[in-house]
Amino acid sequence: MTELRDIERELSRFRGRLLAAALFVLLAFALLVARLVVLQVARHDELAEQAESNRIAVVPIVPNRGLIVDRHGVVLATNYSAYTLEITPARIAGGAAALDGLIDELAKVVEIQPRDRKRFRRLLDESKSFESLPIRTKLSDEEVARFTAQRFRFAGVEVKARLFRNYPLGATGSHLLGYIGRINQAEKQAMEDWTDEDQANYRGTDHIGKLGLEQSYERDLHGSTGVEQVETSAGGRAMRRLASQPPTPGNTLELAIDIKLQALVERLYGSRRGALVALDPRSGEILAFVSMPTFDPNLFVDGIDVDSWRELNESIDKPLLNRALRGTYPPGSTYKPYLALAALATGKRTPQQTIFDPGYFWFGNHKFRDDKEGGHGSVDMYRSIVQSCDTYYYMLANDLGVDTMAAQVRPFGFGEPTGIDVEGEVRGILPSTEWKRRAYRKPEQQRWYAGETISLGIGQGYNSFTVLQMANAIATLAEGGRRHRPHLVKDVVDLVANTRRAIDAEPLASVAIRPEQLEVIRNALVGVNREGTSAAAFRGAAYVSAGKTGTAQVVGIKQNEKYNASQLAEHLLDHALYIAYAPAENPQVAVALVVENAGFGAQSAAPIARRVFDYVLLGQVPSEDDLAAVSVGKATAPIGRPRDAADWPLPGQPPPQAAARPAPPANRLASAR
């Protein structure tokens, strides 16, 4: 029996299915058209921008860091380009666990020392995984070629060309220059508070000034970051440059420093510790800013290795301490001229008034000894300074009182920041009853005892000042009370705009000193170098100078004991200090210095100042024999015939050609007088 098919029913069912399929297709096309409208019309601008950004990479161009030069144009800090081998940890297959194996494989292609590995590990701990970190710096062309040939083996490793900071004179002037180093996490967090413009200026930059002028003038030295638009392939490879905005190099710092004088003083110190500041009292320009011992700032440029850091950081000599800026010392007898001036200003003494010095001063049941056994006999103000009579100033301190002393010497800058154009200056301590109440918590500690005043008269006790403050004070005295803010930089030069900005050219408020009283003190300071404690150091000088020696105790001596250097450890010996200016009648240079644990200022400190004056006023540097003798404290007057400064090379530089030597100005000494 044959089954009859319902054709009409099947056709109806087919038509329903066809209609459903057609509706589905129409709906799908409608969705596609709607999506196309959204993408091509509603979101056209947004997506076009994204597509363009995927095609174009904006790459920051790091500017050349500004140069630092001395007052004669000698380059102290510059830049050079070199290749580095860098690893981006986030791009390493296997993560941190695979790093050691990767570095081992790299070491078969490019030499990698153990110190390179230690430095890389330290940077890895301080940085984020997506940052590119150097494993080797300053690659040779041959090493670059070897790595490039096998680059396919090392994903996440690449060679980059970077600018490196260079300090051509090495350790010379390191404390005033400072150094640059990799930006650490604390500095990155501090940058978050910067303006968007300033943050953008540091994109692509991974180094920043750390100390000294490199830190204080960071904004001037850094320059303006440029940008480059590069068309990239889907794989991220640069295809062609579309547009660029070149970077603006940093400004050049022209210093007041005479780097040859700086190098000379550092050699005069030898292996001894200490600090010296020499400045022009007429302007506040610092000619030499010495802290000994020094360090090589080049060690920090591409990350200091662990061993070098430990050697610097743990050294008993503390080479990283800027003693001129942050070291504080009792001024010793260099304080006496200011107290003598205070005595004249308050009427506590007259120049002719005398005291009898038996060699000690009794206060209560305490005996304050003079440095001269048997005393100086009858002493007036002139002799008190020239012969450095302690007893005179024990009595004077008792008569003045601590608060009067503080009020009288504070205008000279003691116990106050000078405002120098470099960060990190400490205040020091100018003691007073108010200071002691602020410095201590317990009531019995806050009380000022009369006996504490006596030792202040000879620059001991709580007195503690920086060498910079002492130099600023003697410069003010040399200028008759006129004051200038000390500064290391003379001008900031914009080489692109061909403009310059002078630093601290305006004078500060003067110290009121009566001329007749000033004359008394200045005559006595001349007497110190002519017939007093530092006369031997200035024997035969072609100019008249003024100065004051000082010796500051590091450790206290009991009442019935005498100071015996042979029984003390080296770091407990007295400090040698000296302040001076020259020429006496028309001061052009003022100096303050300390030689730590070197004993008497007349023997160890004054001879250094004599050579500074010879250089500045006469254009002379010591003979090699004289240099060697002064550096160990064995010379006062010069030994051997001095040399023309033009013939004396800087560290690491060959002597100048005789034909290129400029003739010394014939009127140099005449103008100094």
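The values are calculated or read from the model by the stated rules, or taken from the named source; none is laboratory data. All figures in this text were calculated on a predicted structure; none of them were measured in a lab. Please note: Cβ atoms are built from the backbone with ideal geometry, for glycine as well, and neighbour counts cover all protein chains shown. These area figures cover heavy atoms from the full protein model, side chains too; ligands, DNA and RNA do not enter into them. Shrake-Rupley method; radii C 1.70, N 1.55, O 1.52, S 1.80 Å.
At a glance:
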| quantity | calculated |
| --- | --- |
| Whether the range 233-335 is rounded, prolate or oblate, judged on the alpha carbon gyration tensor where a/c under 1.5 counts as rounded | oblate |
| Exceeding the 19 Å Cα-Cα cut-off - candidates Lys188/Lys318; Lys367/Lys436; Lys336/Lys372; Lys138/Lys160; Lys260/Lys490; Lys336/Lys548 | Lys188/Lys318; Lys367/Lys436 |
| Gain upon complete extension [Arg9, Glu111; 0.36 nm per residue less C-alpha separation] | 28.1 nm |
| Cβ-derived FRET efficiency at R0 25 Å, Ala190 paired with Gln229, nearest 0.05 | 0.25 |
| Per-peptide average of other Cβ atoms within 10 Å, ordering 495-502, 69-76, 547-554, 605-612 highest first | 605-612, 547-554, 69-76, 495-502 |
| Per-residue [θ]222 nm for the chain (sum of -39500 (n - 2.57) over DSSP H runs n ≥ 4, rounded to 500) | -10000 deg cm²/dmol |
| Global form of the range 70-215, assessed from the alpha-carbon gyration tensor, a/c cut-off 1.5 | oblate |
| Global size of the range 508-548 as Cα Rg and Dmax, reported in angstrom | 12.5, 37 |
| Backbone N within the range 194-216 under 14 Å of label point (7 Å from Gln245 Cα along the Cβ vector) | 196-203 |
| Nearest-0.05 FRET efficiency for Glu197 and Lys160, computed from C-beta distance (R0 25 Å) | 0.45 |
| Theoretical FRET efficiency, 1/(1+(r/R0)^6), r = Cβ-Cβ of Phe152 and Gln40, R0 56 Å, to 0.05 | 0.90 |
| For Leu67, net neighbour charge (Lys/Arg +1, Asp/Glu -1) across residues whose Cβ lies under 15 Å away | -2 |
| The range 268-421, Cα convex hull volume normalised per residue, Å³ | 186 |
| Helical segments meeting 20 Å axial Cα length and Kyte-Doolittle -1.0 threshold in the chain (DSSP H) | 7-37, 515-531 |
| Largest-first ellipsoid semi-axes for the chain, taking √(5λ) over the Cα gyration tensor eigenvalues, angstrom | 70, 29, 24 |
| Accessible-area composition of the chain, carbon plus sulfur, in percent [1.4 Å probe] | 52 |
| Convex hull projection area averaged over all views, the range 342-432, Cα basis, nm² | 7.5 |
| Share, in percent, of DSSP beta bridges within the chain that are antiparallel, nearest 5 | 95 |
| Where N is the number of residues in the range 412-494, Cα Rg divided by 2.2 N^0.38 Å | 1.38 |
| Theoretical gain in end-to-end length, Arg482 to Glu516 [0.36 nm per residue, Cα-Cα removed] | 10.6 nm |
